[in-house]
1. Amide H of S24 versus every other amide H placed in the peptide plane: which residues, excluding those fewer than 5 positions away on the same chain, fall under 5 Å?
2. Which cross-chain or sequence-distant (5 or more) residues have an amide H under 5 Å from the amide H of V336, H modelled 1.01 Å from N in plane?
3. K199: which lysines have alpha carbons under 24 Å from its alpha carbon, excluding same-chain residues fewer than 8 sequence positions away?
4. Keeping every protein chain in place, order V317, V451 by accessible area at 1.4 Å, biggest value first, i.e. largest first.
5. Run down the lysines and flag those whose C-alpha is under 30 Å from the C-alpha of K368, throwing out any fewer than 8 positions away in its chain.
6. Suppose accessible area is computed on protein heavy atoms with a 1.4 Å probe; arrange I159, I267 from highest to lowest.
7. Keeping all protein chains in the complex and leaving out DNA, RNA and ligands, what accessible area do you get for S141 with a 1.4 Å probe, in Å² to the nearest 10?
8. Percent relative contact order of region 120-255, based on C-alpha pairs within less than 8 angstrom and at least six residues apart?
Amino acid sequence: MAELMTSAAPDSVQCPVCFKDFKSATINGHLDVCLLKGVTDTSLSTTTEESGPPLKKPRITAEAVPPSPAGSENQRSQTFVSNGQMLNTTPGLSPRTLLTMVKPLADMLRPNTLEEYFGQSKVVGQQTLLRSLLDSQEIPSLILWGPPGCGKTTLAHIIASTNKKNGTARFVPLSATSASTNEVREVIKQAQNELRLCKRKTILFIDEIHRFNKSQQDTFLPHVECGTVTLIGATTENPSFQVNAALLSRCRVLVLEKLSVEAMGLILDRAVATLGIRVLGPKIYIEQKALDTIAYLCDGDARTGLNSLQLAVQAQVSSTRQNLLAQDGSPQEILVKEEHVKEGLQRSHILYDRAGEEHYNCISALHKSLRGSHENAALYWLGRMLEGGEDPLYVARRLVRFASEDVGMADPSALPQAVSAFQACHFIGMPECEVILAQCVVYLARAPKSVDVYKAYANVKACLRNHKGPLPPVPLHLRNAPTKLMKQLGYAKGYKYNPAFSAPVEQEYLPEELRGIDFFTWTPTDS
């Protein structure tokens with residue numbers, strides 16, 4: 001931020017952009033307006049002549065103002081950003097103009113108010129804590145956790161926009177995928193200056209915060225603690241695993257859910273209305289079935305849904321560009337059908353992170369479905385993992401474990417079945433081995449279950465860990481005696497060789513301290 005120049009008046013501050021004098025209480029609000037006006041005037045200029053020296057670039061890029069929901073005759077003109085330029089658009093602007101912009105539709109239509117923010121009523125509903133904090137402009141540091149496209153970045157921008165209205169906060173967005181530690185320190189230094197000179201807080205938004213390592217996350221700790229910055233971090237990973245515990249304790253975690261089909265429908269309706277596309281209307285129109293298809297196939301990802309809508313309309317506009325007029329001389333209509341959106345929205349992947357929480361969630365669901373003998377659910381979770389790109393050998397190893405842990409002696413053939421499935425997957429790989437895993441999953445689901453062996457061995461481990469003092473020695477009669485000295489010491493003395501007897505042999509096999517214990521029924525005690 002440019003250094004503020006004070007005039008002769010004691011309570012007067014000079015604006016570094018327009019060089020006019022303002023009172024200290026009003027300078028912050030004026031700076032926001034003046035900087036935004038300067039960027040707009042520069043980008044909207046259509047003349048090639050220079051009108052003076054270029055304005056100093058503000059640190060915070062002017063944000064796009066999303067259009068309001070269509071349907072109002074007196075809807076005011078909106079402003080969109082494309083390639084760094086501000087383009088004034090009116091409600092009647094050709095959808096072709098909007099849809100040929102480089103900026104993705106999901107970014108152009110990003111909501112700026114909570115009224116246009118759909119699908120997260122549990123987090124920002126009328127009676128929620130965050131909503132009341134937003135209304136009072138007392139925003140704590142937050143970690144927004146949710147799947148891609150659920151609205152984490154949008155919510156951060158809405159929070160920032162709400163605080164910027166009164167000029168009490170500035171918003172600085174960074175991405176952990178590209179920002180360095182030095183850049184973070186520079187932002188924090190600027191935040192300290194803003195707070196000291198202008199009494200203005202800084203909201204620091206870190207996208208993909210889990211990409212920062214532990215030492216980089218530690219950079220925020222003292223500044224979040226003392227209130228220099230209000231940190232808002234967005235992550236698709238479980239913050240319990242990926243965010244520093246010390247930083248996590250200073251932030252409130254908000255869990256955002258995958259958007260429902262109904263919420264996606266509202267978002268798509270708003271996009272269609274804003275772009276002037278009619279549902280079964282004149283000129284450019286789209287089938288309701290096509291919108292429903294996007295809502296169902298985008299897997300709760302608003303970014304994917306909106307960008308797929310943009311791609312489908314762009315493709316149809318492009319295909320008719322060579323023949324804009326029909327034979328009767330009237331403008332040719334453009335129809336976006338279900339097959340068009342399906343072509344642009346092929347479900348070639350499923351939301352699944354082999355190294356993240358979804359990996360553990362799905363394998364847990366598979367294991368528990370097998371344990372419950374629910375073969376349909378087990379097949380479903382197997383499919384979720386394999387279609388999401390999971391290593392089939394990982395699944396096979398878990399099935400081998402399940403064969404002993406949960407089936408055990410109720411069906412001793414389960415273990416050879418699981419081992420054979422693992423070997424077969426190793427031989428032929430994906431996708432041919434998927435049916436082998438499916439067969440093994442169904443076998444294990446239908447097999448009788450017994451955890452006797454699993455529990456008995458767990459009791460053995462508990463017995464060993466809870467034993468006080470030295471572990472008891474192996475009884476002498478159970479020891480081998482390969483040397484004369486060992487025989488003289490009593491090794492193997494009195495041992496009864498079982499095959500030499502026709503009847504059961506009575507002899508002890510456990511140490512004296514454990515004689516009579518049955519690990520299948522014994523309950524360990526903490527002592």
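The values are calculated or read from the model by the stated rules, or taken from the named source; none is laboratory data. Just so you know, these numbers come straight off a predicted model, no measurement behind them. All accessible areas refer to the heavy atoms of the entire protein, side chains included, with ligands and DNA or RNA removed. Shrake-Rupley method; radii C 1.70, N 1.55, O 1.52, S 1.80 Å.
1. Close amide H contacts, sequence-distant or interchain: V13.
2. It is Y285, I286, E287, by chain and number.
3. K20, K23, K37, K56, K57, K164, K165, K189
4. Heavy-atom accessible area, descending, gives V451, V317.
5. Within the straight-line cut-off, K368 pairs with K122, K258, K449, K455, K461.
6. Listed by decreasing accessible area, they come as I267, I159.
7. Near enough 10 Å² of accessible area.
8. 34 percent
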